[in-house]
Amino acid sequence: MEYKILLVEDTVALARTYKGFLRDEPYIVQHLEKGGEALEAIGNELPDAVVLDLRLPDMNGMEVLEKLTASGVACPVIVITAHGSMRTAVEAMQAGASDFLVKPFSADRLKVTLKNVLEKQQLIRTVETYRDRIDRRAFEGFVGSSLAMQAVYRAIESAAASDATVFVTGESGTGKELCAQAIHRLSKRRAKALVPINCAAIPKDLMESEIFGHVKGAFTGAHLDREGAASLADGGTMFLDEICEMDMALQSKLLRFIQSGSFTKVGGARPVEVDIRFVCATNRDPFKEVAAGRFREDLYYRLHVVPIRLPPLRERAEDVLEIADILLKNYAEREGKAFCGFDDEARALITAHSWPGNVRELQNALRQAVVLHQGEQLSPEMLPDSVVQNGNRRSFEDSEATVQEMPVPGVSNGGNAMPPESDLGTLAQTIRPLDEVERETIERAINLCGGDVRTASVLLGIAPATIYRKRKAWNS
């Protein structure tokens, strides 16, 4: 591999010497004498490295360096300084130079310096490529930088390069159709159609016609010939959503279609051959469906070639706020609202909620909040009750269990004895209702934490949402 080196040196004899040093190296050296010419050349074509003398006839080499650094030029710069100018060399390094050479220098010194900065630059580019491909915050419509989603992104890329059938599993709202769209867009079939079929939404009596089409007169109401999804997806991709909802009778026809690559329209006699890539999805456990006899085992193994599981939102909690920030911005723009973020309490609530409806539930919650409220920051009272009231059930149940196990003075464990009636008044003054003690404890903790509900929740060992729910009940 040859590297392009730009040498900026106003002394022609020195430039000729430096080029001679590099004669046997894998470098193509372009020589310019002025700083302005160098900036113009770099703007037209970025070299792999710049060797820059700091004394130039039209401008100081430091000015050239500062302009390159300010413009974000991604190539290393080696500055040449005069003997005894170490202070200038240090200033150049601080201004963005990758290394420096002090006149006079040897051929070996020039070669080693160039080799080092080029290797370092190559390493930087490799790391940036790795970060772009492996540590991504978003990918083909998905949002999330968690390890779980990084694995999904890589699986989609790998699957897209193949024609193998993909079986996508995941709860409702996790993005199964988005996954199918990403696979199709990244595949060699992207110029053709992606044809979706929702096996749960179409009546079983019409499903065969939806997939294979029909000829005129095939059944009552078939007044014209109709192309089905199989014809429309020829050369492209067919997405069979909620595949486990498909009727058993049609499953055998689908299996035959996948195996042979040909089908016959309903009421037709001539087989039609097509070239289709299949992606299917379900929110059920396909193994359980096969075991229960609701899904053909042979069809399952025909479809389950490349499995991709989309994790629910509760398994990638670190992505929730990333998704929420993007959704809030989009909805605010769409609705003409001023929302630009969440306050700390709202962020704590969003993080604490388990989101059983996954991204779709998060979308609905934020869309509702934006439509019904005004402001720059979204606060807890703007969120739906289902989010605010999502307390930590385990903590609540544990506290109930603790209360039930507390011994009552004068009563043996497991006993049913009641204190004498004359002692009830004394006990009433000593024993306060649990809700009063709880409220006092929570409010005191919040006050001690300077009003920071999140910190108070951590110290109390309960979820922030539990505090918000209880305070809302107390104030109602």
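The values are calculated or read from the model by the stated rules, or taken from the named source; none is laboratory data. Computed from a predicted model, the values in this text were never measured in an experiment. As a convention, Cβ positions derive from the backbone with ideal geometry for all residues, glycine included, and neighbour counts pool all protein chains shown. Surface areas here come from the heavy atoms of the whole protein model, side chains and all, with no ligands, DNA or RNA. Shrake-Rupley method; radii C 1.70, N 1.55, O 1.52, S 1.80 Å.
Check the range 106-236 and count each lysine pair with an alpha-carbon distance under 28 angstrom, considering only pairs eight or more places apart or from different chains. Please report the intermediate quantities before stating the final value.
Details: Lys111/Lys120; Lys176/Lys188; Lys176/Lys192; Lys176/Lys204; Lys192/Lys204; Lys192/Lys216; Lys204/Lys216.
Counting lysine pairs in the range 106-236 gives 7.
For Rg and Dmax of the Cα atoms in Å, several values are listed as (i) 34.6, 114; (ii) 21.2, 65; (iii) 23.0, 69; flag the one computed from this structure.
Derived directly from the coordinates: (i).
Test of understanding: given the chain, find the longest segment containing no trypsin sites (Lys or Arg not before Pro) that are in a DSSP loop and have at most 16 other Cβ atoms within 10 Å.
On the way: sites that count: Arg23, Lys34, Arg55, Arg137, Lys188, Arg190, Lys216, Arg284, Arg294.
Within the chain, the longest run free of exposed trypsin sites (Lys or Arg not before Pro) spans 295-476.
Starting from the Cα of Glu318, step 7 Å along the direction of its Cβ; do the same at Asp205; then give the gap between the two resulting points in nm.
5.3 nm
Kindly report the accessible area of the chain per residue (heavy atoms of protein chains, probe 1.4 Å, no ligands, DNA or RNA), in Å².
Numbers: 26150 Å² over 476 residues.
Ligands and nucleic acids excluded, the figure is 55 Å² per residue.
Compare the Cα positions of Cys199, Gln150, Phe212 along the charge dipole of the range 87-219 (+1 at Cβ of Lys, Arg; -1 at Cβ of Asp, Glu; about the Cα centre) and return the one farthest towards the positive end.
Positive-most Cα among the choices belongs to Gln150.
Which value at 222 nm does the chain reach when only helices count, each DSSP H run of 4 or more adding -39,500 (n - 2.57), with the total divided by all residues and rounded to the nearest 500 deg cm²/dmol? Each step should come with its number before you reach the end.
Values: 21 runs with 233 residues, N = 476.
One gets -15000 deg cm²/dmol as the mean residue ellipticity at 222 nm.
Can you give the FRET efficiency for Val371 and Tyr301, using 1/(1 + (r/R0)^6), R0 = 45 Å, r = Cβ-Cβ distance, to the nearest 0.05?
On the way: r = 46 Å, r/R0 = 1.03.
For Val371 and Tyr301, the calculated efficiency is 0.45.
Determine which residues of the range 290-326 fall in the zone a paramagnetic label at Arg284 would reach in this model, i.e. backbone nitrogen under 17 Å from the point 7 Å along Cα→Cβ.
290-304
How big is the equivalent ellipsoid of the range 175-305 along its three axes, where each semi-axis is √(5λ) from the Cα gyration tensor, reported in whole Å from largest to smallest? Spell out each step's value before the answer.
Values: eigenvalues 104, 73, 35 Å².
The three semi-axes for the range 175-305 are 23, 19, 13 Å.
Taking DSSP loops as anything outside H, G, I, E and B, show the longest stretch in the chain free of GluC sites (Glu not before Pro) there with at most 13 other beta carbons within 10 Å.
Values: sites that count: Glu2, Glu45, Glu376.
With GluC sites (Glu not before Pro) excluded where exposed in loops, the chain gives 46-375 as its longest stretch.
At most 16 other Cβ atoms within 10 Å and a DSSP loop assignment: could you name the chymotrypsin sites (Phe, Trp or Tyr not before Pro) in the range 208-278 that fit?
Passing sites in the range 208-278 are Phe219.
For the chain, what proportion of DSSP beta bridges, expressed in % and rounded to the nearest 5, is antiparallel? Show your work: numbers first, answer last.
Values: 6 of 44 bridges.
Antiparallel bridges: around 15 percent, rounded to the nearest 5.
Using the Cα gyration tensor of the range 41-195, with a ≥ b ≥ c the square roots of its eigenvalues, what is the shape: rounded (a/c below 1.5), prolate (a/b larger than b/c) or oblate (neither)? Intermediate results must be reported in sequence, preceding the final value.
Numbers: a/c = 3.40, a/b = 3.32, b/c = 1.02.
It comes out prolate by the Cα gyration axes.
Suppose each label sits 7 Å from its Cα in the direction of the beta carbon; what would the Gln150-Ala74 distance come out to in nanometres?
Result for the modelled spin labels: 2.0 nm.
Does the range 163-239 come out rounded, prolate or oblate by the C-alpha gyration tensor, with a ≥ b ≥ c the root eigenvalues, rounded set by a/c under 1.5 and, if not, prolate when a/b is larger than b/c and oblate if not? Write out the running numbers ahead of the final one.
On the way: a/c = 3.38, a/b = 1.61, b/c = 2.09.
Oblate is the answer for the range 163-239, as a/c is 1.5 or above yet b/c matches or exceeds a/b.
State, as an integer percentage, the relative contact order of the chain based on alpha-carbon contacts under 8 Å between residues 6 or more apart.
11 percent
Please compute the contact order of the range 1-110 in relative form: average sequence separation of alpha-carbon pairs under 8 Å and at least six residues apart, divided by the residue count, as a percent. If you can, show how the numbers build up before the last one.
Numbers: 173 pairs, mean separation 27.2, N = 110.
Reported relative contact order: 25 percent.
Report the extension gain between Ala138 and Val437 in nm, rounded to one decimal, defined as 0.36 nm multiplied by the number of residues separating them, less their alpha carbon distance. Don't skip to the answer; put the middle values down first.
Details: separation 299, 0.36 × 299 = 107.64 nm, distance 4.67 nm.
Between Ala138 and Val437, full extension yields an extra 103.0 nm.
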